[in-house]
Every structure is written in C-alpha cells, then in structure tokens.
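Let me begin by presenting the structure, written as structure tokens, before commenting on it.
The values are calculated or read from the model by the stated rules, or taken from the named source; none is laboratory data. As the structure is a computational prediction, the values presented were derived from the model and not from experiment. Glycine also receives a Cβ, built like all others from the backbone with ideal geometry; neighbour counts cover every protein chain displayed. To get the accessible areas, we keep the full protein, side chains included, count just its heavy atoms, and leave off ligands, DNA and RNA. Shrake-Rupley method; radii C 1.70, N 1.55, O 1.52, S 1.80 Å.
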Amino acid sequence: MDTRTSVLAEAADSLALAVIASSNAPVLLLDGGLDVVAASDSFCDTFEIDPERVAGRPLSALGGGEWNVPQLASLLKATASGVASIEGYEMDLKRAGKVNRCLVVNARKLDYFDADNVRLVVSLADVTDARISEKLKDDLLREKAILLQELQHRVANSLQIIASVLMQGAKKVRSQQARGHLRDARNRVMSIATMQRQLAASRLGDVALGEYFTDLCASIGASMISDHDQLSLKVTVDDSVTKADISVSLGLIVTELVINALKHAFPRHRKGKILVDYRSDGKAWTLSVRDTGIGMPADHADAKPGLGTGIVEALAKQLNAIVDVAAAKPGTMVSIVHK
Amino acid sequence: MRTAIECLAKASEMEARAAECTLPATRMQFLDAAIRWRDLARRALLQEQGGPPPEPEG
C-alpha cells in the first residue's frame, strides 16, 4: 500500500468512526476478520453490552455469545470479500433469560482500495415490537371477521324467530284481514333475513342479487302460494351484485310488489304467473315485477294506496329511482328504474 | 352458530388478549370485541332458553 492510499484509508476510518460515534441507531464497524472496530452507543444500550468490552473483540464474543450466529458470520464474510452485501436480513437474537429480539441487518463493505484494510458497516434495526404489532393487528382482523360472521348468524336467527312468531300468529287468528297483515309482516321480515344470509355468505359485503331474489321469492312463494300449479313465481336476474344497503331496499321492493300481485292480481283462483326481473348496465338498472293477472282496475287512479305502495315509493325515492306502473296485457308490470 | 357458553369463552379470550396487549389502540379494540361477544352470549342465552317457537301443526 503506498503512502497516499494509507493516508486515505486512515481518513476514511476516522470518518467512519465519527459516523458510528454520532449514530443514534445501533451500528457496528467491523474489520475483515469480523472483529469490532467500533460500536455506536445505541448498539450497546439496545443490546445491553458493556461499551468497554466491545472494541477489538470478535463479533461472536460480544455479550453472552448471542452474536455467535454462524449464518450471520457467513453473510458478513461474503460481504467482506466483496461477493455479496446484506440487505434486510432478518434474524432472531436469542439471549439467555431474555425475550428473543427480531433484528433486521444491513451490511456494506467500505471500499478503501486496500485488501488488507477491510471495513464493514453493519446497521441493526430491532423490529420486535413492530412485528408483534403487525401480528396483533392480523389477529384482531381475524377476530373481527369471526365476530362479524357470528353477529350475522345471530341476527339472521333472530329474524327467523320473529318470522316464525308472526307465521304462528297468522295461523291462529280468525280474521282474514289480520291473517293477511301478519303474513305480510312475516314476508317483510323474511326479506331482511334472506338478505342477511346472503350477506353472511359474501366476503366483500356485496350481495349477489340473482341468488338473493331467488331465495326471497322461494320464501314468499312457500308462505303465500298454496297451489303451485295455479300460480308460479319466476326470477330472472343478470349477474349483478350490489352493496348491502341497496340490496335491502331492492329486496323489500320485490317483497311488496310480489305480495301485492299475489293478493290482488289473481282473484278466484285464477291461473297465472309472476315474473321478477332485474338487469343493470353500468350504474343504470331496472327492477320489474310483472304479473299475468287481471290487470289494473279502470279506476285505479282513484284507488287509495296501501302500505305496500307507500313502502315501494319511499324505497324507490331512497334509491333515486322512479316507479312506473303499466298495463302488461295481460296483467300489470311495475318497474323501478334508476338511470 | 356458537352457544352462549362458547360466546362467553370468546369474550374471555378477547379480554385475555387485551390484557397482554401493550398497544393502547389495539387493546381497546380487543376489549370492544370482548363486549360484543358478551352481548352475543346474552342473545344466545335468550334464544337457547326460549328457542324458536314450534310451527303449529295443520
């Protein structure tokens, strides 16, 4: 090594020592044999090593021998020889009687242009707390998902019980009108319960409308259609999915319109069918319920709207949609249109 | 669906997780989960005691 190179190496060493001494992070300066040239105060504080017993000692001999990690030594030697560098190497520092620490190690060779005077800067980040925090957050997310699923099951179960009580009441009362009201109430509750089931099965909180409307109409049909040869209820829906709150409104609208058709469109055991259709194109969608019944009475404009009509209009308004009632010849078609 | 006892066990588990948690925000969320599990246990107990009414025959 010529004099100029030697002076440069000494200057570089001084600079490296100054950087290590002033560092707030745990940093080591090692030589080519992995002996410690200098360690930052932060290194000694963090890993509880006596500062007086650091310089000049092999890395593997620091502390109680916890730094004697063959894989780390191997990587550092490869770095010292210039064939590799260490970036983000994670290791567990195991100390007797103490909690293991998770460290992220980075190491670089300082180029002194002198093969006999190798220096390595090794920085160590203690990420134990960060890893624990990440694991806790993951655990918490998993627990919340379990809790949400249980809540959905419990709510669906509660709704099912309410629907059962209403159905039981409907079967007991003598008044035809009261029975009708109780059945309607039962179907409204079932509309929400069905949606709740769909939501529990969905991962992203979206509801597949095809499955939802099919289940919903099957439930209404089971409770309100006694002769399936006389009346049929069919559902055609494209592959639309919507958010839960919108699905609730759409489900209630379907419930009201189907109940309305079942109650008024097929008097005296008239045969026919009810078709529920939903299709969307971008943000625009149309929900229609069509029956092949007797159609609207001639004086329908003067007819007093019932609770069902009020519910449909309110829900359509909530969805920024318009309600269109038209003669289908035969029957009636009610469309809820959102543009 | 879990029984009332299973919901209470989950509540206790969440409380234990909260107790060993050093991060205040995460601890509060575990405690919140414990409260919700206790509420679910209460609901489950009500349903287990009453049960869904049987459908009348005929």
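Given A:88, A:33, which one is in a loop (DSSP other than H, G, I, E, B) and either open to solvent by less than 50 Å² (accessible area, probe 1.4 Å) or over 17 Å from residue A:124 (Cβ atoms) (or both)? None of the others qualify; the one that does is A:33.
Of all residues in the stretch A:241-255, those satisfying the criterion of being in contact with a strand residue (DSSP E or B) (Cβ under 9 Å, 6 or more places away or on another chain), open to solvent by less than 10 Å² (accessible area, probe 1.4 Å) and touching a residue at least 60 places away in the same chain (Cβ under 8 Å) are A:250, A:251, A:253, A:254. Of the residues making up the stretch A:201-214, those that are open to solvent by less than 30 Å² (accessible area, probe 1.4 Å) and part of a helix (DSSP H, G or I) are A:209, A:210, A:212, A:213. For the stretch A:133-176, a residue qualifies if it is exposed (fewer than 13 other Cβ atoms within 10 Å of the Cβ) and closer than 30 Å to residue B:30 by Cβ, and the qualifying residues are A:134, A:135, A:138, A:141, A:142, A:145. Close Cβ contacts (under 7 Å, 6 or more residues apart or on different chains) running from residues in the stretch B:9-25 that are within 9 Å of chain A (Cβ to nearest Cβ) to residues that are open to solvent by less than 70 Å² (accessible area, probe 1.4 Å) and among the charged types (D, E, K, R) comprise B:14/A:143. Per this entry, residue A:161 is counted among residues that are part of a helix (DSSP H, G or I) and within 10 Å of another protein chain (Cβ to nearest Cβ). Within the stretch B:13-49, how many residues are among the polar types (S, T, N, Q) and open to solvent by 60 Å² or more (accessible area, probe 1.4 Å)? The total comes to 3.
If the condition is being under 51 Å from the mean Cα position of the chain (by Cα) and more than 22 Å from residue A:73 (Cβ to Cβ), then the stretch A:9-33 contributes A:15, A:17, A:18, A:19, A:21, A:22, A:23, A:24. Among the numbered conditions (1) open to solvent by 20 Å² or more (accessible area, probe 1.4 Å); (2) within 22 Å of the chain's Cα centre (by Cα); (3) more than 10 Å from every other protein chain (Cβ to nearest Cβ); (4) modelled with pLDDT under 90, the only one that residue A:194 does not meet is (1).
Summed over the stretch A:256-276, the residues that are under 19 Å from residue A:326 (Cα atoms) and open to solvent by 30 Å² or more (accessible area, probe 1.4 Å) give a count of 5.
When you check residue A:130 against the structure, is it surrounded by fewer than 14 Cβ atoms within 10 Å (Cβ to Cβ) and away from chain B (no Cβ under 14 Å), yes or no? No: the conditions fail for residue A:130.
Here is a yes/no grid of residues against (1) surrounded by fewer than 16 Cβ atoms within 10 Å (Cβ to Cβ); (2) without any contact (Cβ under 8 Å) to a residue 40 or more places away in the chain:
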{"position": "A:13", "(1), (2)": "no, no"}
{"position": "A:24", "(1), (2)": "yes, yes"}
{"position": "A:28", "(1), (2)": "no, no"}
{"position": "A:41", "(1), (2)": "yes, yes"}
{"position": "A:57", "(1), (2)": "yes, yes"}
{"position": "A:62", "(1), (2)": "no, yes"}
{"position": "A:77", "(1), (2)": "yes, no"}
{"position": "A:93", "(1), (2)": "no, no"}
{"position": "A:97", "(1), (2)": "yes, yes"}
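Filtering the stretch A:141-165 to residues that are farther than 21 Å from residue B:5 by Cα and of a type outside the set (Gly, Ala, Ser) leaves A:141, A:159, A:160, A:162, A:165. In the stretch A:228-240, the residues that are without any contact (Cβ under 8 Å) to a residue 40 or more places away in the chain form Cβ pairs under 9 Å with partners that are open to solvent by less than 50 Å² (accessible area, probe 1.4 Å) and not in a loop (DSSP other than H, G, I, E, B), at six or more places apart or across chains, as follows: A:228/A:221; A:239/A:208; A:239/A:209; A:239/A:210.
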